[in-house]
């Protein structure tokens, strides 16, 4: 029961070991399919974007020098050569001393280098426009190639494709791009005491929380979870389940029986797999110490604590970054997907040499950073994870933090 | 070209109008299907969770008073009555002056009220345990019903089901729950100048960015987007497209042609639909002023700017909150899904009476709030949305903000 963990490593070292696994293969994806994923290619613009200079405003296109010094009290007067439709093209060059009505997004006539907003103009009769503002060259104009220049990298590999990046790809005429595959994540729950959700739990039994919570977390990290069911604390059964799980996935999560015996089964079952090597067993973090990492061929098997809240915290600290790493996120371990800086509402002790993840309730405050209230219930309670808006991280070299200190909080 | 918008309203008033649409119907969903959605029922615990008191630690269960005052220098000695497996049940009541070996998650013997961690004990011979710490009653124990009490609401309606809530539902034995439907969002792009992504854009033409970027945004807000293609600036064609879009969706997004003519077509087409009422036309925000909101029967039609970055900002400010509102998020308009407080790196002017959304690059700083650098490129450039880590919001009553001020930033 008081058996020590071998191969206990720091959180940073565990992250380094995970980073040692190669990102998944590249694959071609349509734009909507590529959303949320990471580019595996540099996307080079095949053309200038915009292809011609365009107006950012409704107004009049002109040569800036033709209205130099214009003001309310001393307006310039230009002849209106045309009123362009949004897709209209001015034929030839804009004559000196003339302007052209233009709409947002419209193409600038050749020769024009600025746009004066409609609000700063007035129409004087049929063909004369009063200009009441002195425009700077380039004002209210998107220059050709300003968004993306032909032959240049518009989006580098490893870029995460948010809606705006998908929009840029559409603008560039890219219907498909190369992105990394989503990891297929097999989830195995073990423990003689664990019963299916549908079952009535007898005394001493608990329902299978981990399969579901971990699957949701894997999904939030871009993975495709596959529930492999419950496996009893039996080395042969576990080994068979792991082999099946590995065959159909890119990574395996086992949430271990919490008993020492079950931990041994997991290690034994993993070690018995062909080509398996245990890389770490134990990580200096709380909650979550009993974490196992093994390499089986090119795939990772991560053994998570059976204790449900610890398993969730280890997923946030290590498992979810790992799944993003597999998808090509180059900063997966440096940067959580969502963090805020918050002010600690009370002192928090912490042991040096161990990374602590403290559940906090985040109190929003107008015009100030949020206040992080540590939730000091028992760490095993699901209800503290429910009440938590985030996890405050206390780094290994700190001996704790005082009330008022600013802490980084991973938003849940 | 300088036509005024009628029915221009404040951002808050526009939000109120959107809130007037009823959330979507409730439907039963399995746990993995319910992930990320909003409960439409109060989930009442059918049993206590945990059903019995459990240990939070590996150690020894005992009566706290039997080791009262124990310390390193003055330990207590208790007889070990049993070593329980994780699913083991102690038969009868723990005798006074005795303890039982227990594992994390194990059920406490009747009579025991505390657990001393293994680290603060030692085994003395066969059956005697040395206790070196004075436990408080309840220490290291999750009491029966502490996570959820039978008959009490464990998760109220409108709760968003994150991984930990899904885990709690699993623990309670709930295989299915009632959640609100995901909104089916029809997306219509209009404008004679807009061509499909696969097309070569001739001078004056632009590719269809909005269909893709808005679809991704709708998806990130929990919606199920459906691209309805490109419609020319023609009232009859637009009306037909809207009718088809409405028939198969819960909400319609039209990204308008940017020309004044196209705007008129959109309004005319919407007004021509049976049972349609225009609720607002124009919202006091920048970018994004030309926004249309109509009610057609029970469904919303939102007309977004054709200008691509404005359309994206309006989606973030209004469209995405609206989609969450339809799913039952009671705070959809008060709270963006992800915000941080950041320090403004330079002065930002803003007109009173108008809500400004300024693209910012977020610079992370150790132990400090991030620095928000306004991106001052032309607002029409896609590249400023690509460079942006967030949108700083300047409220309507402010005339701007000075460098060093703390601002709320919507994380992109």
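Any chance you could tell me what percent of the C-alpha pair distances in chain B go past 35 Å?
48 percent
Could you list B:104, B:128, A:266 so that the one with the fewest beta carbons within 10 Å of its beta carbon is first and the one with the most is last?
Fewest-to-most ranking of B:104, B:128, A:266: B:128, B:104, A:266.
Once the label point is set 7 Å along the Cα-to-beta-carbon vector, what list of distances in nm do you get between residue A:12 and its counterparts in the other copies?
Label-point distances to the other copies, shortest first: 4.8 nm.
What is the distance, in nm, between label points placed 7 Å from the Cα along the Cα-to-Cβ direction at residue A:7 and at residue A:72?
With each label placed 7 Å out from Cα toward Cβ, I get 7.6 nm.
Can you list, shortest first and in nm, the gaps between the label point of residue A:65 and those of its counterparts in the other copies, using a point 7 Å from Cα in the C-beta direction?
Values, ascending and in nm: 9.9.
Can you tell me how the protein assembly as shown classifies by the Cα gyration tensor, rounded, prolate or oblate, using a/c under 1.5 as the rounded cut?
prolate
Against the longest principal axis of chain B, how steep is helix B:235-247, in degrees 0 to 90 to the nearest 10, with axes from Cα atoms?
Roughly 20 degrees, rounded to the nearest 10.
Name the residue, out of B:391, B:214, B:32, whose mean-square fluctuation peaks in a Gaussian network model built on chain B with Cα pairs under 10 Å.
Top of the fluctuation ranking is B:32.
Sequence gap at least 6, Cα distance under 8 Å: using those rules, report the relative contact order of the stretch B:54-142 to the nearest whole percent.
Numbers: 238 pairs, mean separation 38.3, N = 89.
It comes to 43 percent, rounded to a whole number.
For the stretch B:346-412 and the stretch A:376-409, what is the separation of their Cα centres, given in Å?
The distance from the Cα centre of the stretch B:346-412 to that of the stretch A:376-409 comes to 29 Å.
Please find, in a Gaussian network model of chain A (springs between Cα atoms separated by less than 10 Å), the residue of A:225, A:50, A:95 whose mean-square fluctuation is greatest.
A:95
Go ahead and run the numbers for FRET between residue A:42 and residue A:278, Cβ-Cβ distance against an R0 of 30 Å, rounding to 0.05.
Working: r = 37 Å, r/R0 = 1.25.
Taking R0 as 30 Å, the efficiency between residue A:42 and residue A:278 is 0.20.
Give the shape of the stretch B:233-356 as rounded, prolate or oblate, defined through the alpha-carbon gyration tensor: a ≥ b ≥ c are the square roots of its eigenvalues, a/c under 1.5 means rounded, and otherwise the shape is prolate if a/b is larger than b/c and oblate if not. Intermediate results must be reported in sequence, preceding the final value.
Numbers: a/c = 2.56, a/b = 1.53, b/c = 1.68.
It is oblate, given that a/c is not under 1.5 and a/b is not larger than b/c.
If you take every DSSP beta bridge fully contained in the stretch B:61-204, what fraction is antiparallel? Give it as a percent rounded to 5.
Expressed as a percentage, antiparallel bridges in the stretch B:61-204 total about 70.
As I understand it, the value is the acute angle between the Cα axis of helix A:210-220 and the longest principal axis of the Cα atoms of chain A; what does it come to in degrees, rounded to 10?
20 degrees
With a ≥ b ≥ c taken as the square roots of the eigenvalues of the C-alpha gyration tensor of the stretch A:339-411, please select rounded if a/c is under 1.5 and otherwise prolate if a/b is larger than b/c or oblate if it is not? Please list the in-between numbers first.
Working: a/c = 1.84, a/b = 1.11, b/c = 1.65.
Because a/c hits 1.5 or more and a/b fails to exceed b/c, the stretch A:339-411 counts as oblate.
For chain A, what does -39500 (n - 2.57) per DSSP helix run (n ≥ 4), summed and divided by total residues, give at 222 nm, in deg cm²/dmol to the nearest 500?
Taking each H run of at least 4 residues, the total per residue is -5500 deg cm²/dmol.
Return the percentage of antiparallel bridges among DSSP beta bridges fully within the protein assembly as shown, rounded to the nearest 5 %.
65 percent
Specify the residue with the greatest mean-square fluctuation among A:291, A:267, A:86, computed from a Gaussian network of chain A linking alpha-carbon atoms under 10 Å apart.
Maximum fluctuation in the GNM of chain A, among the listed residues, is at A:86.
Report, for residue B:110, each distance to the same residue's label point in the other copies, shortest first and in nm; define the point 7 Å along Cα→Cβ.
Copy-to-copy label distances for residue B:110: 9.8 nm.
Relative contact order of chain A, please, whole-number percent, based on alpha carbon pairs below 8 angstrom and at least 6 residues apart. Please report the intermediate quantities before stating the final value.
Working: 979 pairs, mean separation 67.7, N = 412.
Value for chain A: 16 percent.
Output needed for the stretch B:54-142: three equivalent-ellipsoid semi-axes, defined as square roots of 5 times the C-alpha gyration tensor eigenvalues, in descending order, whole Å.
Each semi-axis is the square root of five times an eigenvalue, giving 18, 13, 12 Å.
Using only Cα atoms, tell me the angle between helix B:260-271 and the longest principal axis of chain B; keep it within 0 to 90° and round to the nearest 10.
70 degrees
Hey, what did the stretch B:269-348 get for relative contact order, percent, Cα under 8 Å, at least 6 apart?
This gives 17 percent for the stretch B:269-348.
Taken together, the values in this text are just the output of simple stated rules run on the coordinates, not laboratory data. Worth saying up front: this structure is predicted, and the values here are computed from it rather than measured. FYI the Cβ positions are ideal-geometry reconstructions off the backbone, even for glycines, and counts take in every protein chain you see.
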